[in-house]
Amino acid sequence: GGDPKNLQLLRQAFTDALPEYFADRVLGPGGSAGEVLKRWTAAFSEASFHWRLPALQAVCTAPGLVQQFGKKLEPYRAFTACFLDRRWVETRAVFWELASDKNLPEAQRGYHHYVCGQIDQYFHYEYARAKSLFEKAREMQAGKALGLHGLIEFYMKGPELEKDLDKALALAEEALALEPEHTPSIVQKADVLVEKGALVEAENLYRLVNRKR
């Protein structure tokens, strides 16, 4: 009947069922230990790629999975706690492991490159490495707006000598040409416009995103 309490109960029931669901999906089809671990890693990568936080927790805590993989899950459980707490620097090692796993879909690996680049740019000030990772993310997410986000951030917020707001704006417009309804790209274009001082145009875009969301 549309009662919010009922929807909350439904969501809680779904969340409570996730650990068993993931254990069935990962362990159920059988195969070698290596194949099972690949399925687990794919599930973990998918959850982090889509920011599905309950799924991320469930895939690390399901009793059947913990029993199967034991200590192998410990770095990922630690990652999940850091991810939920936005302690990004402490997540980099796992993000890089995912970025380097050629069994994962290329789009997800590109995203993981992008996140590692963000950590390097904003926390380690490793600008050259960050730019290289952003370029790799663009290559791996060809045709996707998200693939351009790292380079936009680099030219907008990177080292002073390489800041180029015109280039950042051109890349933001390129991203929206690829996916006109991609709200994170609309926000990012607005962010560039703020840096350029075009506040009215930026506000209009922020309001547009607010309506879409």
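The values are calculated or read from the model by the stated rules, or taken from the named source; none is laboratory data. In this text the structure is predicted, and so the values were computed from the model without any measurement. Neighbour counts run over all protein chains shown; Cβ positions are idealised from the backbone, glycine included. Surface areas here come from the heavy atoms of the whole protein model, side chains and all, with no ligands, DNA or RNA. Shrake-Rupley method; radii C 1.70, N 1.55, O 1.52, S 1.80 Å.
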**Study point:** Reach of Lys72 by Cα under 14 Å, taken over aspartates and glutamates that are not fewer than 8 positions away in the same chain
**Key:** Glu97
**Study point:** Sites Lys212 and Ala13 - FRET efficiency at Förster radius 35 Å, r taken between beta-carbons, to 0.05
**Key:** 0.75
Study note, to complete from the structure: Pseudo-spin-label distance Glu179 to Lys163, built 7 Å along Cα→Cβ, given in nm, is 2.8 nm
Practice item. Give the relative contact order (percent, whole number) for the chain; include only Cα pairs under 8 Å separated by 6+ residues. Key: 11 percent
Review point. Quick one: what does P(r) look like for segment 146-213 with 5 Å bins over all Cα pairs, in whole %?
Key: 4, 20, 29, 25, 16, 5, 1, 0
Study note, to complete from the structure: Over all pairs of different Cα atoms in segment 73-192, the reciprocal of the mean inverse distance gives a Kirkwood radius in Å of 14.6 Å
Review point. Could you give the dipole magnitude of the chain about its Cα centre, charging the beta-carbon of Lys and Arg +1 and that of Asp and Glu -1, in debye to the nearest 20?
Key: 460 debye
Review point. To the nearest 500 deg cm²/dmol, what mean residue ellipticity at 222 nm is calculated for the chain from DSSP H runs of n ≥ 4 alone, each contributing -39,500 (n - 2.57), summed and divided by the residues?
Key: -23000 deg cm²/dmol
Review point. What figure in square angstrom, to the nearest 10, would you give for the accessible area of Trp88 with a 1.4 Å probe?
Key: 60 Å²
Review point. Using a probe of 1.4 angstrom, how much of the accessible area of the chain is carbon and sulfur, in percent?
Key: 53 percent
Check your understanding: Among all lysine pairs in segment 108-213 that are eight or more places apart or on different chains, how many have alpha carbons less than 15 angstrom apart?
Key -> 10
Point to revise | For segment 26-89, size of Cβ-based charge dipole, Lys and Arg +1, Asp and Glu -1, in debye | key: 100 debye
Practice item. State the Cα centre-to-centre distance between segment 190-213 and segment 74-144 in whole Å. Key: 27 Å
Exercise for review: Give the Kirkwood hydrodynamic radius (Å, one decimal) of the chain, defined as one over the mean of 1/r across all pairs of different Cα atoms.
Suggested key: 19.0 Å
